[in-house]
Amino acid sequence: MSETASIILNGSSYEFPVVTGTENEKAVDISKLRDQSGYITLDPGFKNTGAAKSAITFLDGETGILRYRGYPIEQLAEKSTFLEVAYLLIYGDLPTKAVLEQFRTDIKSQMMIHEDMKNFFAGFPSKSHPMGQLSCLVGALSAFYPESLDPNPTPEEEDKTIINLLAKMPTIVSWIQKKSLGHPVVYPKTNLGYIDNFLNMIFGEVNQDKTFDPVVIDAMHKLLILHADHEQNCSTSTVRIVGSSNANLYASVSAGINALWGPLHGGANQAVIEMLEAIKNDGGDAEKYLAKAKDKNDPFRLMGFGHRVYKNFDPRAKIIKKACDDILEKLGVNDPVLDIAKKLEEAALNDQYFIDRKLYPNVDFYSGIIYRALGFNSEMFTVLFALGRLPGWIAQWKEMRENKEPIGRPRQVYTGQTERNYVEITQR
Ligand code: ACO
């Protein structure tokens, strides 16, 4: 017999089906609650609300498990490539060698952006934040590819838009970096791999015979893979909800980029480095900043700490912390903020406030230190997060459409004035 749940409201009992996921997660399906009873549920921040059935990413915050399409994040981060993971997330299974090769070739053929888009770069003030530029430029792609506006594309047309976005994003990201430095942009090169080409566009022309340090390439794959999806987080939910109105993929992802920008979400990686720098410049006293984070009258929070769903450890942070040590050592970089980060982490993990609230380092705590060692400035960190998250956003947008999900439209409990009459104080 299938499981059900009863809700008693004002003396009447209502029965609802229980939905069970493949990992035995349980949810009460209350989609008919209002129709039957007139009541809605109230859950600010959606702390307890499942917005979708999804087959893309599984995570268990209590035990620190994260899997993409069933594959453990540890295995993918160690061995896979970013494009292979992108394919896995978007299309559901790992590609064969031949399919991956075709996927790479398709992406390489679309890496150029329309030359007119250069005008956007010229128009932004030189100090404008890279995330603001990124959301504008990704949204603007819809103007250059109006066929993407069709709300009912064929699978082939939809694939074209997906490939287009995956291919053009590294070009856009690298040109934003070049603009911030006042350097000329570097055009994509089809004879280089996805990451090599990206690094070439970021750091300037490399000699055709040379490649980038394998340590740097490996680090980029790892970081992008670790950020590639994270089920129904703030930016992904934004992408799904914007897409649910049949908005095109570029517009939906552009909205996701804006959601990611906030320091409570992807913007934390920039905020962490700035916080560590501030602590260093203030004498390196970790305890002083822990006390500030615990003080409810002080808005300061320990950036890169805490997570809505991870209540034990963030498996991505575990991999990144180790990678951070390895990469800095291999590159011979000695960054004093790494010591401060470790001191802060140790102090926090032994502090009752953080223990009671199950606050652990998240993916953003150490990622900025790696990005910095690779040569990126801190304002680019969240843009790099967006580059990594892109396949996840695309996969979630595609799944939402394939599941024919209804337009996202939460309800509310109104707490404002009841009806009152307008009294005229001036003439029109
Ligand atoms: N520093 C100090 N206290 C914290 C922190 C922190 N970083 N995070 C949570 N807390 C405290 C809260 O004050 C609250 O305390 P209380 O119960 O005494 O009121 C308790 O822990 C629970 O915190 P909430 O804010 O209710 O948890 P929520 O799930 O809503 O927020 C979030 C999660 C936004 C990640 C939060 O932990 C935070 O602000 N962290 C710092 C920013 C950050 O690193 N964000 C990146 C997250 S990962 C990502 O998005 C990619």
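Residue-wise test of (1) in the same structural domain as Ile90 (by TED's automatic domain parsing); (2) part of a helix (DSSP H, G or I); (3) away from the ligand (no atom under 16 Å from the Cβ).
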{"position": "Thr41", "(1), (2), (3)": "no, no, yes"}
{"position": "Ala55", "(1), (2), (3)": "no, no, yes"}
{"position": "Phe58", "(1), (2), (3)": "no, no, yes"}
{"position": "Thr63", "(1), (2), (3)": "no, no, yes"}
{"position": "Glu74", "(1), (2), (3)": "yes, yes, yes"}
{"position": "Ala77", "(1), (2), (3)": "yes, yes, no"}
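Test each condition in (1) open to solvent by 50 Å² or more (accessible area, probe 1.4 Å); (2) out of contact with any helix residue (DSSP H, G or I) (no Cβ under 7 Å at 6 or more places or on another chain); (3) within 8 Å of the ligand (Cβ to nearest atom); (4) not acidic (Asp, Glu) for Lys288 and report the one that comes out false.
(3)
Taking the conditions exactly as written (over 30 Å from Met400 (Cβ atoms) and aliphatic (A, V, I, L, M)), does Val186 satisfy them or not?
The answer is yes for Val186.
Can you tell me which residue among Arg67, Arg104 is open to solvent by 20 Å² or more (accessible area, probe 1.4 Å) and assigned to a strand (DSSP E or B)?
Going through Arg67, Arg104 in turn, just one is open to solvent by 20 Å² or more (accessible area, probe 1.4 Å) and assigned to a strand (DSSP E or B): Arg67.
May I ask you to say which residue of Gly132, Gly123, Gly204 is small (Gly, Ala, Ser), under 15 Å from Phe376 (Cβ atoms) and surrounded by fewer than 16 Cβ atoms within 10 Å (Cβ to Cβ)?
Matching residue, one of Gly132, Gly123, Gly204: Gly204.
Regarding Lys296, is this residue away from the ligand (no atom under 16 Å from the Cβ), out of contact with any strand residue (DSSP E or B) (no Cβ under 9 Å at 6 or more places or on another chain) and outside the structural domain of Met220 (by TED's automatic domain parsing)?
no
Could you list, in sequence order, all residues of the stretch 323-356 that are closer than 28 Å to Glu62 by Cβ, exposed (fewer than 15 other Cβ atoms within 10 Å of the Cβ) and in contact with a Lys or Arg (Cβ under 9 Å, 6 or more places away or on another chain)?
Tyr353
Considering (1) within 20 Å of Gly256 (Cα to Cα); (2) over 25 Å from the mean Cα position of the chain (by Cα); (3) of a type in the set (S, T, N, Q), say which one Ser128 fails and leave the rest.
For Ser128, the exception is condition (2).
Suppose the filter is over 21 Å from the mean Cα position of the chain (by Cα), under 21 Å from Gly306 (Cβ atoms), touching a residue at least 40 places away in the same chain (Cβ under 8 Å) and assigned to a loop (DSSP other than H, G, I, E, B); does Lys343 pass it?
no
Has the stretch 300-307 got any residue that is more than 28 Å from Thr63 (Cβ to Cβ), within 15 Å of the ligand (Cβ to nearest atom) and open to solvent by 20 Å² or more (accessible area, probe 1.4 Å)?
yes
Exactly one of these conditions fails for Lys118: (1) among the charged types (D, E, K, R); (2) modelled with pLDDT under 95; (3) open to solvent by 80 Å² or more (accessible area, probe 1.4 Å). Give me its number.
(3)
Are any of the residues in the stretch 409-416 away from the ligand (no atom under 15 Å from the Cβ) and within 23 Å of the chain's Cα centre (by Cα)?
Among the residues of the stretch 409-416, at least one is away from the ligand (no atom under 15 Å from the Cβ) and within 23 Å of the chain's Cα centre (by Cα), which makes the answer yes.
Working carefully through the options Lys210, Lys222, find the one that is open to solvent by 20 Å² or more (accessible area, probe 1.4 Å) and at pLDDT 95 or above.
Lys222
Which members of the stretch 297-321 meet the condition of being of a type in the set (Lys, Arg) and either at pLDDT 95 or above or in contact with a helix residue (DSSP H, G or I) (Cβ under 9 Å, 6 or more places away or on another chain) (or both)?
Answer for the stretch 297-321, where residues must be of a type in the set (Lys, Arg) and either at pLDDT 95 or above or in contact with a helix residue (DSSP H, G or I) (Cβ under 9 Å, 6 or more places away or on another chain) (or both): Arg301, Arg308, Arg316, Lys318, Lys321.
May I ask you to list the residues in the stretch 78-111 that are more than 17 Å from Glu231 (Cβ to Cβ) and among the aliphatic types (A, V, I, L, M)?
Within the stretch 78-111, Leu83, Leu94, Ala98, Val99, Leu100, Ile107, Met111 meet the criteria.
All but one of (1) at pLDDT 95 or above; (2) touching a His at 6+ places or on another chain (Cβ under 8 Å) hold for Val363; which doesn't?
It fails just one condition, (1).
List the pairs whose first member sits in the stretch 1-30 and is farther than 30 Å from Arg69 by Cα, whose second member is of a type in the set (Val, Ile, Thr) and modelled with pLDDT of 95 or more, and whose Cβ atoms are under 7 Å apart, counting only residues at least 6 apart or on separate chains?
So the pair list comes out as Tyr14/Ile7; Glu15/Thr4.
Might you check whether a residue that is in contact (Cβ under 8 Å) with a residue 24 or more places away in the chain and of a type in the set (Gly, Ala, Ser) occurs anywhere in the stretch 36-44?
Looking for residues that are in contact (Cβ under 8 Å) with a residue 24 or more places away in the chain and of a type in the set (Gly, Ala, Ser), one finds at least one in the stretch 36-44, hence yes.
For the stretch 231-279, enumerate the residues that are small (Gly, Ala, Ser), within 14 Å of the ligand (Cβ to nearest atom) and either surrounded by fewer than 24 Cβ atoms within 10 Å (Cβ to Cβ) or under 9 Å from the mean Cα position of the chain (by Cα) (or both).
Matches in the stretch 231-279: Ser235, Ser237, Gly256, Ala259, Gly262, Gly266, Gly267, Ala271.
Using the structure shown, decide if Ala228 is buried (at least 19 other Cβ atoms within 10 Å of the Cβ), out of contact with any Ser or Thr (no Cβ under 6 Å at 6 or more places or on another chain) and part of a loop (DSSP other than H, G, I, E, B).
yes
Within the stretch 291-340, how many residues turn out to be under 18 Å from Gln352 (Cα atoms), among the basic types (Lys, Arg) and in contact (Cβ under 8 Å) with a residue 24 or more places away in the chain?
Count: 2.
The values are calculated or read from the model by the stated rules, or taken from the named source; none is laboratory data. Source: prediction; values computed, not measured. Every residue, glycine among them, receives a Cβ derived from its backbone with ideal geometry; neighbour counts consider all protein chains shown. These accessible areas exclude ligands, DNA and RNA; they are computed on the full protein's heavy atoms, side chains included. Shrake-Rupley method; radii C 1.70, N 1.55, O 1.52, S 1.80 Å.
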